[in-house]
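Below: one structure, written as structure tokens.
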Amino acid sequence: MSRPSASASTSSSSRSSRSRYGKEVKELQDALNQNKIESKRDAIRKIIDAMTRGKDVSMLFPDVAKNMETSNLELKKLVYLYIINYAKIMPDLAVMAVNSFRKDARDKTNPFLRALAIRTMGCIRVKLITEYLLDPLKESIKDEDSYVRKTAAICISKLYDVSPELIEEQGLLKLLENLLNDGNAMVVANAVCALLIVQESKGTTMLQLNPYTIQKILTAMNECNEWGVIYCLDALAMYIPEDGKEAEAILERVSPRLNHNNPGVVLSACKIMMKFLDYLQNPETIRQNALKMTAPLISLLSLGKEPEIQYVALKNINLIIQKRPIIIEKDIKVFFCNFNDPIYIKLQKLEVLSKLANNDNIQQILHELKEYTQEVDVEFVRKSVRTIGRCAIKLEKAAEKCVTALWECLKTKVNYVVMESIIVIRDIFRKYPRKYEMILKDLCENLKSLEDPEAKASMIWIIGEYVDTIENADSLLANFSENFKDEPANVQHQILVAVMKLFLQRPNDGKELIHNLLKTATIECENPDLRDRAYIYWRMLSTDPELAKKIVFTERPTISDSSYTIENELLDKLIENIGNLSSVYTKKPESFVKKLRDVLNSKIADKIDDVYDQDQLMEGKPEDYSDQQGGQSTVYENNYDTSSQIQSQIQQSQIQQVSQKIDLLELDDNQPQQQQQQQPQIQTQIQTQIPTQSIQNIRIPFAEVLTANTPGSQTQVQGLSIETAFQKNGDKIVLDLKITNKTQDKTFSDFGIKFNKNPFKLQPDTIEIQCQPVFPGQTQIAQSLINTNGPAFEEPPQMPYKIQVALKTNLDVFYFFIPMSLSVLFSSTASITQQKFIELSQAQNIARKQEVLQIQIDPQRMKERLERNYFFLIGVRKDERGVELLSYAASLVNGMPLLVNVIHTPTAINLQLQVPHPTLMPLLYQAIGFILTLN
Amino acid sequence: MFSQIFILSPRGDTIINRDFRSDLPKSTPETFFRQAKTYSGDANPLFAVDCIQFAHIKRGGLYIVGTSRFNLQPAMSLELLDRLAKEIKDFCGVINEEVLRKNFILIYEILDESFDFGYPQLMATEQIKPLIVNDPIQPQPDSVMNSLRPKIQTFNIFVPNTIGSQAVQRSVLNKNQANEIFVDIYEKLNVLFNSSAYVINQSIEGCIQMTSFLQGNPPLKLALNDDLQIGRQQGQYSAGVILDDCNFHECVNANELDMNKTLRIQPPDGQFVVMNYRISGDYSAPFRLFPIIEEISSSKIEVTIKLKACFDAKILASYANVRIPIPKQTANAYPELLKNAQQETAEYDSNKKIVEWQIKKLQGGQERSLKIKLTLQATQTAHTARKEIGPIAMNFEIPMFNVSRLQIKYLRIEERGNTTNPHRWVRYITQSSSYVCRI
């Protein structure tokens, strides 16, 4: 019936077919104008046939409408059918038909003719015509024939849809209410139905429910047909009974409807039952009434019903048993899956079974579920495995049986069964930590076939959780980490967490792994969540590994089966909608009905839509919030982005090109002058900075140099953990120590420290460390001042540069290495002049190297940081393209000069390093990295 | 309720299109058909596109669709469409594309009486019969369309495609018809055996269905077994027929059922279900399966299945089919029947990895057996593969037999002074619903 397609087909068709079409129309016109009823009838049949198939036959409207006043009922019906279809697009012509309708509606002899006219008039959805309809409609409401009255009732609701104002003005709604008192049940049912329609579109109560009208409806319900029963039941469901007595009385009348064979009636009756049970007080009456629903609900699942009805029934049963479990307690067998059930029925049955499971029937249910896990349908099998897991979580007493069943699933080695089992076991491990370690071995045998990311993530989580029990956890995790970059986000997260757990529990096994992983996660991963987490872990490890341990191994909130249930408020709302779509979708009706109103630009724009707007506002809030979060996370990124991205990557860099053009070795004449002019400024700058320098030096992160399980050298005492770092503090070097006592019963005190011989002759000022005794579980911070007057050591420093240290305590002596950064050893006074710089850079015995530091940093910030940490700016050059080359110099505490040329680009920093000894190269590179990234 | 009801041909052409509320776009049939075609098998009966709810059923290859934009009642909607299909069938005799195209005016009439503004009004055939003015047009008996028409969808409750009934393809509007009534007792069996032929779970879903062509719709009295009992008490044992639950058509007055075991019926025209019932108790299963699996070698398995018909020798099952799923890693399978086997076939479908064993006509008390020799691919051993065999499912139909022993004692026409004695046809049919043996 779509006009556009019809016109399109005519326009696109050839001329001959158009003329044939024209000819057909002509023939039909002729036939309509003949006197013979048969020829007219056949012509209209053809027209309606064409109309149904989407052809445009509207041009025949005048010819067809002429035949309205026939006495032949068959012809009349056909004409009406035509008019209903085209009246809307030809309202002017439709008005012509009005008189005929009015005449028919007042026909004295035939009630069917009157009803037909009323019904058809209501279908012409043209405002203009509505006005002509009102009088005949008012008469028909009082018609002596019930068939006409019932048609009139619905007609009012139809017209309300077209012009609500007119209907209200004319008091037709009042007349409709009066129809509730009609003697004929069908009329009452239709009046109820019409009032509900108006109520729905108007948004205010139309059907006044009080004990009187309730009685009317209840009486009518006994006599009208099944559809009428549904209207009545739906109306009753809206009633709020005054007390338990009334509710009980109504239930008494409603409950026989449960035995109807129309599932619509059964579900509508259940809706009232469920709602009114809340008003009853006596537990025994509640029980009896609730149990009345059992058999009818189960009968809806009979295979005699279409699977679709079964599906709706299952969805509703699922809701009903959440509210009142007593209704279906014993009959679990009906929810066992038949092999020929469609998959959606099977899945829904599993859902119900998991709700019905209790300690008495679990054996039976488990037995059945185990059978299902051997079926062919993958989706069904997976859901069956998942259901076993849910039973385990729900029923603590039966958990062991469920775990045994899952264990068997693992042993099948069927890929998808194993994967699903792993996911489920993860939840079980969360619920019952450390209880079922016996299956770990079988779990770990299934690492190869984990294609499903969730299964993989679950497996990794399990390994991480039992990192102390699974001996080869480190190699397992190392395997998983190999493809870290290609994994989906959830797997990456789990790898990160698991490796973190590994490192915290078994530092020696996980050290390398966590290091590499954090590097990869921070440098190469694009997922901000993952990166942030890696940064957080990194920082936690560098500041306080103990705290990190506490955080990572924190007690998790327990999980329970209630996570699968619907919260009470929504449940009550859904119970009110038993039998409706929202109970199947488990969504509130507003969520899928109102949108359409917007789409169709409905005219009902009053209160309901206001509420809807408010809803939108409410929905808006989380978005705003997420914006804030977004903002926060960018702040984090700004902070984190500057972190160390140390990557020794030797490449032909920009610096070379620049230095070829502006050759530092053969300076032009005027350039030194420029630079000399600049230098005093810089020096003043430095001087102004000096007073604040003491707090502006970078903080080297603590490193755990002694772990609690490293025994002392003499009495093998364990339990002392030390984290330490050399720091530059103004022009002093200090050693910060964090001493933690992890024993249960020992107290450490009387600390002393001594360094082994080392390249820069470092040694503590005093051997004793000023520190309080450290009691069990406590942590103390101590500091030791360092000077460079120690015994000489001929070897140049190696990367990594570490200093061996002996720590004396009251109980034992511990030996360990402390990592050292070159940045600590820079001299705080500027000793290299520009002249010296040029000389040095020309020297023969100097090592040179190009390096790239992959970090993003603001150029001003870079300069400031370098200068703050005793790199002194010697000169600045620009080539013709505007590329700026900065020359810096620093000297070490022993007077060794270090020269650095820097070109800043938005994505990286190009460095040209010149040092007197090649072994210093990586140390200098590392030191610049620290300076630019640490705070 | 429904905004529109339309009926589409299997190719998506609109045969009937009735718009009740004009609140949805005209293009919904196309929207529906496009969406329905996206499903691999049959489309979901309920789905939504852009907040338009579509409910549909498929009959005779045709889509009968209702649309709505409200929170409609799915169970009721599907029931309505089903009733509509029944009405159309009552009036036209059959549902197929040709008949509907020929009778589209009549169907519009039926629609207009059945629905007003999309709300169901009168949906009983005998109620709208006086309001219908068009006569049905019967299709040409030997037209090409008719012979090509798709088989009636097995979507319906009970598939009447094995036993011909005169009642099936007749219109209620046919004035010169015989004065007769058909009563069918259908029972569908659900049985689950374990590998040692022990019954784990069983139930019966049954119904009494009538197709009435009685003139003047006289009231009927239907008497059932004397030992009938409704509602099962816990742990109760009784020799009689115990129904767990039953429900009735609205034309049935069941007040006397408890006392006299009789139902009073005011029969409408055409087909209707008098009573649905459900039995969960023990009954003797009509067929028993005895599967034996032997590992001949690491790559060979032999499956032997014995089938025993455990009912009276006077009764004949019209067919019995057995489906045996075999391991996915099967290289080849050779089903072997007994040498004296008659009217039996056994085929191996290598794509689905299923052996289908079909037996036509099986007399009560007889035993049949089938041996399947399986050769496995090298990748799997017999020991692990044997777990993939099964479960064995059976399909059968046994006419003139019912397991529950629910019986019609008599069907009386309660009209005094009625000289003509209408024909009463009573049939019993037992079918399998889910008849499965686990291995």
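Bear in mind that the values in this text are calculations on the coordinates, not laboratory data. Small disclaimer: the values here were computed from a predicted structure and weren't measured. FYI the Cβ positions are ideal-geometry reconstructions off the backbone, even for glycines, and counts take in every protein chain you see.
General remarks:
- For peptide A:48-55, the mean count of partner chain Cβ atoms within 10 Å of a residue's Cβ comes to 4.
- Working note: Debye formula, equal point scatterers on the alpha-carbon atoms of the range A:344-418, no solvent; log10 I(q)/I(0) at q = 0.15, 0.16, 0.22, 0.26 Å⁻¹ is -0.43, -0.49, -0.92, -1.25.
- Convex hull projection area averaged over all views, the range A:59-116, Cα basis, nm²: 3.7 nm²
- Against chain B, whose longest principal axis comes from its Cα atoms, helix B:104-114 is set at around 80 degrees.
- Interatomic Cα distance distribution for the range A:447-543, bins of 10 angstrom, percent: 17, 54, 27, 1
- Built amide H within the under 5 Å cut-off of residue B:135, gap 5+: none
- Neighbouring Cβ atoms from other chains, within 10 Å of the Cβ of residues in B:109-122, number 6 on average.
- Cα-based helix-to-principal-axis angle, A:343-356 vs chain A, degrees rounded to 10: 70 degrees
- Computed label-point distance, nm, for sites residue A:846 and residue A:833 using a 7 Å Cα→Cβ extension: 1.6 nm
- Stretch in chain B that is longest and holds no chymotrypsin sites (Phe, Trp or Tyr not before Pro) that DSSP places in a loop and that have at most 12 other beta carbons within 10 Å: B:238-439
- Contact order relative to length of the range A:849-935, as percent, for alpha carbon pairs under 8 angstrom and 6 or more apart: 32 percent
- The packing ranking of peptides B:253-260, A:358-365, A:291-298, highest mean first, is A:291-298, A:358-365, B:253-260, where packing means the average number of other beta carbon atoms within 10 angstrom of each residue.
- Couplings 3J(HN,Hα) for the range B:328-342, derived from phi with the Karplus relation 6.51 cos²θ - 1.76 cosθ + 1.60 (θ = phi - 60°), are 5, 8, 5, 7, 7, 9, 10, x, 10, 8, 5, 5, 8, 5, 10 Hz, where x marks Gly and Pro.
- Rounded to whole Å, sorted largest first: equivalent-ellipsoid semi-axes of the range A:112-253, Cα gyration tensor: 28, 16, 11
- Spatially proximal lysines relative to residue A:397 (Cα-Cα < 26 Å; intrachain offsets below 8 disregarded): A:323, A:330, A:333, A:349, A:355, A:370, A:383, A:411, A:431, A:435, A:441
- Quarter of Cα convex hull surface for chain B, i.e. mean projection, nm²: 25.9 nm²
- When the GluC sites (Glu not before Pro) in the range B:355-439 are filtered for DSSP coil states and for at most 16 other beta-carbon atoms within 10 Å of their beta-carbon, the remaining sites are B:414, B:415.
- The range B:307-314 - phi-based ³J(HN,Hα) in whole Hz, Karplus 6.51/-1.76/1.60, Gly and Pro as x: 10, 10, 8, 9, 10, 4, 5, 6
- Rounded to the nearest angstrom and listed largest first, the equivalent-ellipsoid semi-axes of the range B:1-143 from its Cα gyration tensor are 24, 18, 13.
- Cα-based reach from residue A:808 at 13 Å (exclusive), listing aspartates and glutamates while leaving out same-chain residues under 8 positions away: A:750, A:768
- Part-to-part distance (alpha-carbon centres) for the range A:238-273 and the range B:295-374, which is given in Å: 51 Å
- Per residue of B:196-209, other chain Cβ atoms within 10 Å of the residue Cβ number 2 on average.
- Taken over the range B:306-439, lysine pairs spaced eight or more positions apart, or on distinct chains, with alpha carbons under 12 Å apart number 5.
- Restricting the range B:59-100 to GluC sites (Glu not before Pro) that sit in a DSSP loop and have at most 15 other Cβ atoms within 10 Å of their own Cβ leaves nothing.
- Selected from B:284, B:40, B:203 as most flexible by GNM, with chain B as the system and alpha-carbon contacts under 10 Å: B:40
- Once the C-beta distance of residue A:24 and residue B:47 is scaled by a Förster radius of 30 Å, the resulting FRET efficiency is 0.20 to the nearest 0.05.
- On the beta carbon distance between residue B:179 and residue B:225, with R0 = 30 Å, the FRET formula returns roughly 0.60.
- For chain A, the longest principal axis of the C-alpha atoms and the axis of helix A:362-372 are separated by about 90°.
- Couplings for the range A:216-225, taken from phi via the Karplus curve 6.51 cos²θ - 1.76 cosθ + 1.60 with θ = phi - 60°, read 4, 5, 4, 5, 4, 4, 6, 10, 8, 6 Hz in order; Gly and Pro are left as x.
- Summarised as an ellipsoid, the protein assembly as shown has semi-axes of 81, 43, 31 Å, derived from the eigenvalues of the Cα gyration tensor scaled by 5 and square-rooted, with the largest first.
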